[in-house]
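> I have a structure I would like to understand better, so I am pasting it below and will then ask my questions one at a time.
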Amino acid sequence: MKVRDRLPVRRAVPTENPTGKNWSQHKPDLQEDFFHHCGYCGSYDGFRHTYFEVDHFIPKSLFETNNNISYCQYNNLVYSCKFCNNNKSSKWPSGDENVNIVDDKGFIDPCDFEYDNHIYRTLEGGILWHTNLGEWLVKEAFKFDERDVSIKLLWELDQCRKLIEALVVEMNSREVNSEEYNFIKREAEKLSLVYFLNHHELIDYYSSL
């Protein structure tokens, strides 16, 4: 499976036009363009597990001196969970803003189709690699291997959320109190309990760190 359900696509014309270091003004647009999921690990932003931030794909430390990229340049921004943003930090193996990858180390823009060629989602929700670059992304760049428990919990919870939402849509398309309506309602209620328990497990896990 792919790490993200859908490939994020940055809009051509952002709603805001911030200047200076006000890149956070782009956050609402990025949240929509990345479908409310972290561009790197695919975690959903609706759970109370962490903050979501605006990451500079090419790190600020590389362009602050030459001004080739502005702080608010939209095509260099990524909607990211705090864990991925903190782990990525200012890493950029080539040291050259024009060279993404060197010796199987580096980064691929999460809005590029190529991103999914290097890492993948297991059936249990973990993240593993297809390539040497993918292994570097998993183990060094984002430390997905060290975050395996939380990544799987977040994926399971998100799958449950999506199923509940789909069932609610189906339920609302049926006549109220009809046999089909009540059947779908019961199934949604069962999943809601699973969702509650999984969410509780997720919060307990993060509280224990």
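> Could you tell me whether any residue of region 130-153 is small (Gly, Ala, Ser) and over 23 Å from Asn86 (Cα atoms)?
For region 130-153, residues small (Gly, Ala, Ser) and over 23 Å from Asn86 (Cα atoms): absent.
> Continuing with this model, one more query. Just checking, how many residues over region 1-46 are crowded, with 18+ Cβ neighbours inside 10 Å and under 23 Å from Asp204 (Cβ atoms)?
6
> Quick check, is Phe142 exposed (fewer than 14 other Cβ atoms within 10 Å of the Cβ), of a type in the set (Phe, Trp, Tyr) and closer than 21 Å to Asp5 by Cα?
Here the answer is no, as Phe142 does not meet what is asked.
> I would also like to ask the following. Just to be sure I understand the filter: pairs with C-beta atoms under 8 Å, separated by 6 or more residues or on different chains, first member in region 101-117 and farther than 19 Å from Lys143 by Cα and in the same structural domain as Ser89 (by TED's automatic domain parsing), second member of a type in the set (A, V, I, L, M, F, W, C) and surrounded by fewer than 18 Cβ atoms within 10 Å (Cβ to Cβ). Which pairs pass?
Cys111/Leu7; Cys111/Val9; Phe113/Leu7
> If a residue counts only when it is of a type in the set (A, V, I, L, M, F, W, C), which strands (runs of 3 or more DSSP E) contained entirely in region 54-156 have at least 2 such residues?
77-81, 127-129
> Restricting to region 145-162, name every residue that is surrounded by 18 or more Cβ atoms within 10 Å (Cβ to Cβ) and aliphatic (A, V, I, L, M).
Within region 145-162, Ile151, Leu153, Leu154, Leu157 qualify.
> Which pairs turn up if I take residues in region 149-171 that are farther than 17 Å from Tyr206 by Cβ and look for partners that are hydroxyl-bearing (Ser, Thr, Tyr) and part of a helix (DSSP H, G or I) with beta carbon separation below 9 Å, at least 6 apart in sequence or on another chain?
Cys160/Ser192; Cys160/Tyr195; Arg161/Tyr195; Leu163/Tyr195; Ile164/Ser192; Ile164/Tyr195; Met171/Tyr181
> Would you check if Phe47 is closer than 19 Å to Asp148 by Cα and either assigned to a loop (DSSP other than H, G, I, E, B) or modelled with pLDDT under 95 (or both)?
When the stated conditions are applied, Phe47 passes them.
> Within region 169-209, how many residues turn out to be assigned to a helix (DSSP H, G or I), more than 23 Å from Leu153 (Cα to Cα) and of a type in the set (Val, Ile, Thr)?
Going through region 169-209 one residue at a time, the tally reaches 2.
> Considering every residue within region 160-178, establish whether at least one is among the hydroxyl-bearing types (Ser, Thr, Tyr), closer than 26 Å to Lys82 by Cβ and outside the structural domain of Phe83 (by TED's automatic domain parsing).
No: zero hits.
> Please determine, by comparing only the residues of region 47-79 that are among the charged types (D, E, K, R) and under 13 Å from the mean Cα position of the chain (by Cα), which one is surrounded by the fewest Cβ atoms within 10 Å (Cβ to Cβ).
In this case the residue turns out to be Glu53.
> What about Val9, is it touching a residue at least 12 places away in the same chain (Cβ under 8 Å) and outside the structural domain of Leu123 (by TED's automatic domain parsing)?
For Val9, the condition - touching a residue at least 12 places away in the same chain (Cβ under 8 Å) and outside the structural domain of Leu123 (by TED's automatic domain parsing) - is met.
> Moving to a separate point now. Can you find a residue in region 118-125 that is surrounded by 15 or more Cβ atoms within 10 Å (Cβ to Cβ) and in contact with an Asp or Glu (Cβ under 6 Å, 6 or more places away or on another chain)?
yes
> May I pose another question? Only one of Asn198, Asn182 is farther than 30 Å from Asp103 by Cα and either modelled with pLDDT under 95 or among the aromatic types (Phe, Trp, Tyr) (or both). Can you tell me which?
Asn198
The values are calculated or read from the model by the stated rules, or taken from the named source; none is laboratory data. Note that the structure is a prediction, hence the values are computed from the model and not measured. For neighbour counting, all protein chains shown are included, and Cβ atoms are generated from backbone atoms with ideal geometry for every residue, glycine included.
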